[in-house]
Amino acid sequence: MIDPALFRDNVEVIRTALRQRGANLDAELDALVGLEAERRKLLPELEGLKRDQNSAGEEVARAKRSGQDVTAIQEASRQRAQQIKELGAVLESVEERRTRGLLMIPNLPHASVPVGKSAADNAEVRRHGTPGSFAFTPQAHWDLGPALGIIDFERGTKIAGARFTVLIGAGARLARALINFMLDLHTREHGYTEVEPPFMANTASLTGTGNLPKFEADLFKIAGEWDLYMVPTAEVPLTNMHRGEILDGRTLPIRYTAYTPCFRSEAGSYGADVRGLIRQHQFDKVELMVFSTPEESHNELERLTGNAEEVLKRLGLPFRTMLLSTGDMGFASAKTYDIEVWLPSQNTFREISSCSNTEAFQARRANIKFRPTGAGKADFAHTLNGSGLAVGRTLIAILENYQQEDGSVVIPEALRPYMDGQSIIRKRT
């Protein structure tokens, strides 16, 4: 959530920043400015009435001691109490509408983010590795996987519906190997603490990360009286590990990593990436999460992005890293790098990780603060998150980049210890 104080004196700065994001929210901003003005008018009026009410109690006591009639004073107090109740209800309504409005406003882009309208305006920061050349026409993973007997799209659809998939044999084992490899790399070498969080989250948690209320259509809600949703990413439970807490600044940065399945309805994406594993309703991901001080958060973003890139380097997969423009960033992000892996069948790079600094946006929504020296005034922490990596898309990249002319797939050396030394996946006989 944007700092409400900005609306008092800097609404035009906010308006300009949101227009750079391609968000035309002038009407919403004007409404918030009006609510802020009404709130600032009501607060001193209500506080004045409360002060008068406190003084009236002392006045009644003095009058009684001197034998005076207190009927008029008590009647005035009764009427003032009613005013306080009514004005309090008005203020509560104004603050609720103001909070709801603020929750719908996206984060402001960092000054280093390129201004643009879409992904076409993203800036390439670096690339690693060279796409391999094939002496044959490379197959797409949706042909390779079924031919090897390791991916079954039809049975996934039979069991659950479209955009669900079954991994079998070496396919399931390869996914598990990737999860373990990523977790080991991030915990043993990159200094993250592994967490196994719930795979469901409540409304407060999803509001804290910015998924609610604006993006409820993208979520899978549990039926019945439960206040629970399936997690769209481990970012949600990891961020909310410290919701409502004041952290000791001397312990920052705090770095977590977690594997979870992720569940997304992909609202609005129908017709896009309908074949294969690119866009599924359920997929596996290893997440990276950091709680930082404001001063260090952008250094932490560079570090986190490098940690995600290292997975692809160890696997020998060509990739490029893109700095997203203002028009292509996510709702909660102040700055985002997308890491895109090379897919031979599509002759292009496709996103495999998105690494973002949300600055204080999520922390303000989730009320996550820190005290720099463990004492004194508390300030909002900065939160960062990134995929380290999306497991299904990494599996796709391995199948396509390591495929052989006979349809077999070589297993990257870094994964072989997690596959009991298996070096190649061949069609089962």
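The values are calculated or read from the model by the stated rules, or taken from the named source; none is laboratory data. The structure displayed is predicted, hence computed values, not measured ones. Note that we place each Cβ from the backbone using ideal geometry, even for glycine, and neighbour counts take in every protein chain shown. Ligands, DNA and RNA are stripped out before the accessible areas are found, and what is left, the full protein with its side chains, is counted by its heavy atoms. Shrake-Rupley method; radii C 1.70, N 1.55, O 1.52, S 1.80 Å.
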Within the chain: Cβ-based charge dipole about Cα centre, in debye rounded to nearest 20 (Lys, Arg +1; Asp, Glu -1)
320 debye
Got a sec? Charge dipole of the chain, +1 on Cβ for Lys and Arg, -1 for Asp and Glu; which of Ala120, Gly88, Leu148 is way out at the positive end?
Leu148
Taking a 1.4 Å probe, which of Thr373, Thr326, Thr130, Thr293 shows the most accessible area, and what order do the others take after it?
Thr130, Thr373, Thr293, Thr326
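Around Val11, what is the net charge, scoring Lys/Arg as +1 and Asp/Glu as -1 over all other residues with Cβ under 14 Å from its Cβ?
Around Val11, the surrounding residues sum to -2.
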Gyration tensor (Cα) of segment 280-349, equivalent ellipsoid semi-axes in angstrom
23, 16, 14
What is the percent carbon and sulfur in the accessible area of segment 4-100, measuring with a 1.4 Å probe over the protein chains and ignoring ligands?
48 percent
Percent antiparallel among DSSP beta bridges with both residues in the chain, to the nearest 5?
90 percent
Sorted largest first, extent of the chain alpha carbons per principal axis (Å):
106, 44, 43
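Over 28 Å between C-alpha atoms is what I'm after, so list which of Lys214/Lys335; Lys221/Lys377; Lys41/Lys335; Lys214/Lys369; Lys50/Lys369; Lys285/Lys427 land there.
Beyond 28 Å between Cα atoms: Lys221/Lys377; Lys41/Lys335; Lys50/Lys369.
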Heavy atoms only, probe 1.4 Å: what % of the accessible area of segment 283-330 goes to carbon and sulfur, would you let me know?
41 percent
Quick check: with the 1.4 Å probe, what order do Ile411, Ile246 take by accessible area, largest first?
Ile246, Ile411
Mind checking the alpha-carbon convex hull of segment 206-254 and giving the volume per residue in Å³?
89 Å³
Taking the Cα-to-Cβ direction at Asp69 and at Glu95 and moving 7 Å from each Cα, how far apart do the two end points lie in nm?
4.0 nm
Determine the shape class of segment 127-216: with a ≥ b ≥ c the square roots of the Cα gyration tensor eigenvalues, call it rounded for a/c under 1.5, and otherwise prolate if a/b is greater than b/c, oblate otherwise.
oblate
Excluding ligands, DNA and RNA, what is the solvent-accessible area per residue of the chain at a probe of 1.4 Å, expressed in Å²?
47 Å²
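Restricting to DSSP H runs of at least four residues, report the calculated mean residue ellipticity at 222 nm for the chain, -39500 (n - 2.57) per run over all residues, nearest 500 deg cm²/dmol.
-12500 deg cm²/dmol
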Figure the gain on full extension for Arg371 and Ser55 (residue separation times 0.36 nm, minus the Cα-Cα span) and round it to one decimal in nm.
110.0 nm
Dipole-positive endmost among Leu288, Gly316, Gly330 within segment 283-335 (Cβ charges, Cα centre):
Gly316
